[in-house]
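The values are calculated or read from the model by the stated rules, or taken from the named source; none is laboratory data. Here the structure is a predicted model, which is why all the values come from computation and not from measurement. Here the Cβ positions follow ideal geometry from the backbone for every residue, glycine too, while neighbour counts run over all protein chains shown. When the accessible area is computed, the model is the full protein with side chains, heavy atoms only, and any ligands, DNA or RNA have been set aside. Shrake-Rupley method; radii C 1.70, N 1.55, O 1.52, S 1.80 Å.
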Amino acid sequence: MTAILRWKWPITIGLLAITIVLFLIAPNLTEQAEKAGSFQLSKDASSQQAAQMLEDAGESDQTISVVVELDQALTDDVRNQLSTMVDDIVSLGDTVTSVLNPVESDELESQLISGNKKTVLIPITVDGTDEEVNQIAEDIRATVIPSDMTAYVTGLSIINSDVNKSSQEGLKRTEIITVVLIFGLLLAVFRSIVTPFVPLVAVGITYLLSQSLVAFFIDWFGFPVSNYTQIFLVAILFGIGTDYCILLLSRYKEELSAGHEVKQAIFNTYKTAGRTLLISGVAVFVGFFAIGFADFPIFKSAVAVAVGIAVLLLVLFTVVPVLMLVLKEKLFWPSKKSASHKDSKLWGRMSKLSINRPVVSILVVAILTVPLLLTYDNSLSFNTVDEIGDDYESVKGLRAIENGFGKGDSLPVQVIIKADEKLANEEMIPYVERLSQRFEQIEGVEKIRTITRPTGEVIEDLYVDRQLGLLADGLTDAREGLSEIGEGLTQIQSGLAGGNESGGLGEVAAGIGQLNQQLTQATQGLQQTGNVQQTIGALTAISEQLDQIQQGLKSAGGDGEGLSQLTEGLAASNEGLTQITDGLAEASDMMNTMSKSDSVRDTGMFIPAGTLENEDFAPVLERYTFAEGKGIKMEVVLSDDPYSPEAIDTVHRLKEAVASEVKGTPFEDTDIAFGGISSINSDLADISSSDFSNTVIIMLISLFVVLAIMFRSMIMPLFMIGSLLLTYFTSIAIAELIFENILGFDGISWAVPFFGFVMLVALGVDYSIFLLDRFREEAESGITVREAMRVSMTKMGTVIITAAIILAGTFGAMMPSGVLSLMQIASIVVIGLLLYGLIVLPLLIPAITVSFDRGVWWPFGMKKKK
């Protein structure tokens, strides 16, 4: 400290210069957070694999929609207006690859116009980045949508952009509110106009320098970043920085009041409060540094706070003592006294219970917390839309789709199937339908759209039972046709027999009679045995003989006109026989192919040759296949809100169904992944749950080691951490009651438990350190454990309560941000800090400490004061 005070101006000016230069040249942290994205899932996540498959195949186009809400059912004028809008959207640029006109055909109208004809969708496919997609949306709003029409532009990229925009707007509000709030609280605490500027200057330098360093680290080392990074830097640095300044200034005021000159007061302050501050700072640093071991980048992004804590400690041990030295007693002007270091009457009264009757004190804490803990059921929400509320146009559009078409239709689950060989062929497509059939049986699935059911309805003609029915009808028609031919031959035979029998016509008549008998036998055989091949053989032979008879008649004599008519009748009969024979041959080939097809046996579906080449099938192939037929897309429409916990459960069931259904099929060796917001949320649920557990364990072990070393005890860290865990779970239980049971949200946002835990534990540990380090100091003077705790509580109570209120206030400044997850994190931290500062810390920690007496320093023992 002597060296710092001696070199005060070079150190201070140098630090300020570095801060200013880095701030001016550092990358924009806000833009880095936006670029990083809202989810940042690993490449191994199913939703990311699905996106990568499509991107590799050049199919990474994004779909957005113009949602039109009409006051009355669709009219011809509106139809014309919609067609004009489609043309205008197409002309916006090359990034718009396709636009579906909802009034172009009956099929599109049934899909894109709601049942009541009051909600219309215009789906738009855009080939571009998220920025380009949002620019197209802006252009549509500005130049395409008529001013007298109620219409919204929505889509996943637009919703995510609005979430980012809301977060940044919330950050700006939080920064302003935080500074004003801290200044007001410090003014009230120290009753001085000058004093509040010390924490604000110290924390301001810290924040600007930390933000710049983090931005450089992101560019240089791939440091994790998210929307939470900047706002947590603001809340924690301003909150904890102010707390540390209060600790230093309170002790400094106390030293001055004791009659010490300024330099000696500074030395004493940093020898006592400075040591406490260092322990607290290291503990908080370790807590946030441990987050760096998380796998999930969103969680990992909070490690930036560790950088801020390190910079904060540097500033507190350099700039703040310089300000103390320069301002001297004027630092507290115009106040002669400060409420900040007065003995705490509240904690003094509470000490009588916690120190004198520790068991009762512990029971009181249990009575206040356990009932709340029993209400906690860990209900999580993955609804990104709730983050920003219904005021944004993208959300209004989503709600309009839900109201007009159903919630699941707005954002279906995509099932992406990719192989090295072609899948879009007659043998493989039936297995897609087999998956569709399996999906239909799953709870939460409303319908499936894919290559075998493009509109969500099954193409019945592709099923074998339907085709066999058609074959049976064909055989019936064949038998009836043969009977008609037989009747015709009988008439021809009669005509020949009744005419001139000279010239061999009688023999011809007899021959036709024999053929007719053969035809009758073939017809009966087809009816009785269904042996198509045998019938084909018989009919072919009959046809050849008829052809011979026909040629013979042409050279016979007699009535030219009559004979000509008989010859034409015979030719017609033979042509009909040939058609029937060809039809039976085609049916025979089809049945033969069916009998050899594995897909028929496995799926009950058969796609006849040539079906996929039909031009009517081309749009279906274009929509549901990719990578030159090596990939197939399925859309699973859910019956629940795509953002709901139920949708996540449905995705899990879909994944399990696929894993079991593809075994033993050609799809067993294909790559199958799931896309869409429900799949993304499913992946988030899996990784956030496992990462939460792993990171919490690392963080708590790290804190335990640091506290054990600092306090020379393995007992103190246990109940310090235990008390914080009790506070956290009680706080989140209260937050769950508020947001789920009272305000009606699905639950606590998925990222909130992690960040709430990290913030509350890393910051709350400070207050137990403040109390127990003062307790160590008093106990080393030789007084009893009970007396040392009593003195510590009365001396530190006001400081801790003031610090807790200020830190709670900085997090409370997140409440007007309008971002749900930030409001929930703020609620947990504010509730937790006040609960800890007013109940758990003064009642539980002292009660446990005095119960152990001097055994609280086990196994190392208390350090003797020299």
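A compact table of results
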read-out: Cα-based reach from K352 at 13 Å (exclusive), listing aspartates and glutamates while leaving out same-chain residues under 8 positions away; value: E787
read-out: Equivalent-ellipsoid semi-axes of the stretch 166-214, from the Cα gyration tensor, Å, largest first; value: 23, 16, 5
read-out: Carbon plus sulfur fraction of accessible area for the chain, probe 1.4 Å, in percent; value: 54 percent
read-out: T625 long-range amide H proximity, modeled H, under 5 Å; value: K633
read-out: Built amide H within the under 5 Å cut-off of S749, gap 5+; value: S381
read-out: Separation of alpha-carbon centers, the stretch 1-35 and the stretch 740-774, rounded to whole Å; value: 30 Å
read-out: Volume per residue that the Cα convex hull of the stretch 113-206 spans, once the total is divided by residue count, Å³; value: 192 Å³
read-out: Heavy-atom accessible area per residue - the chain, 1.4 Å, Å²; value: 42 Å²
read-out: Most to least packed among 422-434, 633-645 [average Cβ atoms within 10 Å]; value: 633-645, 422-434
read-out: Normalised per residue, the volume of the convex hull around the Cα set of the chain (Å³); value: 211 Å³
read-out: Length gained when the stretch N80-D106 is fully extended (0.36 nm per residue, less Cα-Cα span); value: 7.8 nm
read-out: Per-residue [θ]222 nm for the chain (sum of -39500 (n - 2.57) over DSSP H runs n ≥ 4, rounded to 500); value: -22000 deg cm²/dmol
read-out: Surrounding net charge for S46, when Lys and Arg each add one and Asp and Glu each subtract one, Cβ distance under 12 Å; value: -2
read-out: Neighbour cut-off at most 15 other Cβ (10 Å), DSSP loop, GluC sites (Glu not before Pro), the stretch 238-329; value: E261
read-out: Among 238-247, 623-632, 781-790, the order from most to least packed when residues are scored by Cβ within 10 Å on average; value: 238-247, 623-632, 781-790
